[in-house]
Amino acid sequence: MRIAIVPGDGIGKEVVPATLPALTWLSDAFGLGLTYDVLDWGADRWLAEGTGLPDGAIDLLRKEYAAVLLGALGDPRIPDMAHGREILLGLRTGLDLYVNHRPLDLGHGTVDLYRENTQGLYSQVGGAVSGQGRITVAMDECVYTRDTVERFVRNCLLHLRAAGRRKVTLVHKANAVPHTGRLWQEVFRAELARVPELTGSEEYVDAFCYHLVRDASAYEGVLAPNMFGDIISDIGAALMGGLGLACSASVCPETGFALFEPVHGSAPDIAGQGIANPYATAMCLAMLLGHLGHADAATLLRDCVLEAGHTDAATPDLGGTGTTDGFMSAVLALMDKRQD
């Protein structure tokens, strides 16, 4: 199997290369036969060629690769993030990666947050009217089709049941955004009736965020539309200890193709200093390995990343004195030790 590696921008070009030796080590140690190619999709290519997602990129990924590991997108030289939208949204829609799974590793356990990944306010439907050099009217439309909501909810509920979960919460804002809100409620209730092993509840997004911060132990599985899920994931990352700890997977259940990326951005304020935290990227790699069926390799990597995160090898955001490369060297040393 081949993995497409897209370091991207900023600290993505540091945390991804630091993590790749672990991929090679695990492939060799467990006989996985995994190889990878590094693709130069990001701000540098956009500025040089005007290219974000190259022609034929989607077909290339479908035919040649099993998954994508993405570092980060975002560059101060492109303030409107045009290249990031073309690359990331292009991959999500082109590969139909409509289920975004963001596990929130909290003190009491893990909350499985599922975010719809292709529609809603990120559908890029809208426009603006300008006059006298300024925007006078602006519209971004929240668009959801029933087919998209149904398949998303159905797949998430089945995944939660398979994982042994017992509770699931739908997050919405039907009181203020009634049309898409009622669609989500209607679909959720109908699909939940088909999975009696799960007990469902519903919360408005503002109340949910409050309750998540107050007592996250009340939640096991959470389903959210695109924008709400995006916001909730950053709150969850803060509860975990910072953006440098949060990982995610964007999956098309029908094809099995998936893209894995840390939740943090490109962090241009610390890029190039060698102190970016590779924890989330390494956890993304563990998710990738698990997705491809390599559970033992995924567990070893995950356990060693967790252990290294509690040592001085951790990067400064975790209270350690380590560097990006130094942290992953500590992880590799722990994997060596456990395999002896």
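To the nearest 20 debye, what charge dipole does the chain have about its Cα centre, counting +1 at the Cβ of each Lys and Arg and -1 at the Cβ of each Asp and Glu?
On the way: 26 positive and 42 negative charges, 176 e Å.
Computed charge dipole of the chain: roughly 840 debye.
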Q: Specify the longest stretch of the chain that does not include any exposed loop site, a site being one of the trypsin sites (Lys or Arg not before Pro) with a non-H, G, I, E, B DSSP assignment and at most 14 other Cβ atoms within 10 Å.
A: 195-340
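Is it possible to state the helix-based mean residue ellipticity at 222 nm for the chain, with each DSSP H run of 4+ residues giving -39500 (n - 2.57), the sum divided by total residues, to the nearest 500 deg cm²/dmol? What is it?
-13000 deg cm²/dmol
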Q) Of the beta bridges DSSP finds with both residues in the chain, what % are antiparallel, to the nearest 5? A) 50
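In what order, largest first, do Met240, Met139 sit by accessible area if the probe radius is 1.4 Å? Walk me through the intermediate numbers first.
On the way: Met240 35, Met139 100 Å².
So the residues, ranked largest to smallest area, are Met139, Met240.
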(Q) Tell me the accessible surface of His291 in square angstrom (1.4 angstrom probe, heavy atoms of protein chains only), to the nearest ten. (A) 70
Q) Under 18 Å from the Cα of Lys13, which aspartates and glutamates turn up, not counting those fewer than eight places away in the same chain? A) Asp37, Asp40, Asp44, Asp75, Glu261, Asp269, Asp325
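With a 1.4 Å probe and all protein chains left in place, how much accessible area per residue does the chain have, in Å²? The partial results should precede the final answer.
On the way: 14870 Å² over 340 residues.
It amounts to 44 Å² per residue over the chain.
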Q. How high is the FRET efficiency between Arg77 and Gln273 when r is their beta carbon distance and R₀ equals 22 Å, given to the nearest 0.05?
A. 0.75
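Multiplying the sequence separation of Ala218 and His310 by 0.36 nm and subtracting their Cα-Cα distance, what value in nm do you get? The partial results should precede the final answer.
On the way: separation 92, 0.36 × 92 = 33.12 nm, distance 2.65 nm.
Full extension from Ala218 to His310 adds 30.5 nm.
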Q) Expressed as a whole percentage, what fraction of the accessible surface of the chain belongs to carbon and sulfur atoms when a 1.4 Å probe is rolled over the protein heavy atoms? A) 52
Q: Ignoring everything but the protein chains, give the 1.4 Å probe accessible area of Tyr210 in square angstrom, nearest 10.
A: 120
Q) Loop-only check: which GluC sites (Glu not before Pro) in region 192-234 are DSSP coil with at most 12 other Cβ within 10 angstrom? A) Glu197
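What FRET efficiency would be calculated for the residue pair Leu158, Arg338, taking the C-beta separation as r and a Förster radius of 25 Å, to the nearest 0.05?
About 0.15, to the nearest 0.05.
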Q: Whole Å is fine, so just give me how far the alpha carbon centre of region 317-339 lies from that of region 260-280.
A: 16
Q.
Amide H of Asp9 versus every other amide H placed in the peptide plane: which residues, excluding those fewer than 5 positions away on the same chain, fall under 5 Å?
A. Ala72, Leu73, Gly74
(Q) Keeping all protein chains in place and using 1.4 angstrom, which order do Leu332, Leu285 fall into by accessible surface area, from largest down? (A) Leu332, Leu285
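With r as the distance between the Cβ atoms of Arg182 and Asp303 and R0 = 35 Å, compute the FRET efficiency 1/(1 + (r/R0)^6) and round to 0.05. It would help to have the intermediate numbers written out before the result.
Numbers: r = 44 Å, r/R0 = 1.25.
Given R0 = 35 Å and the Cβ-Cβ separation, E is 0.20.
The values are calculated or read from the model by the stated rules, or taken from the named source; none is laboratory data. Model, not experiment: these values are computed from the prediction. Glycine gets a Cβ as well: all are built from the backbone with ideal geometry, and neighbour counts include every protein chain shown. Surface areas here come from the heavy atoms of the whole protein model, side chains and all, with no ligands, DNA or RNA. Shrake-Rupley method; radii C 1.70, N 1.55, O 1.52, S 1.80 Å.
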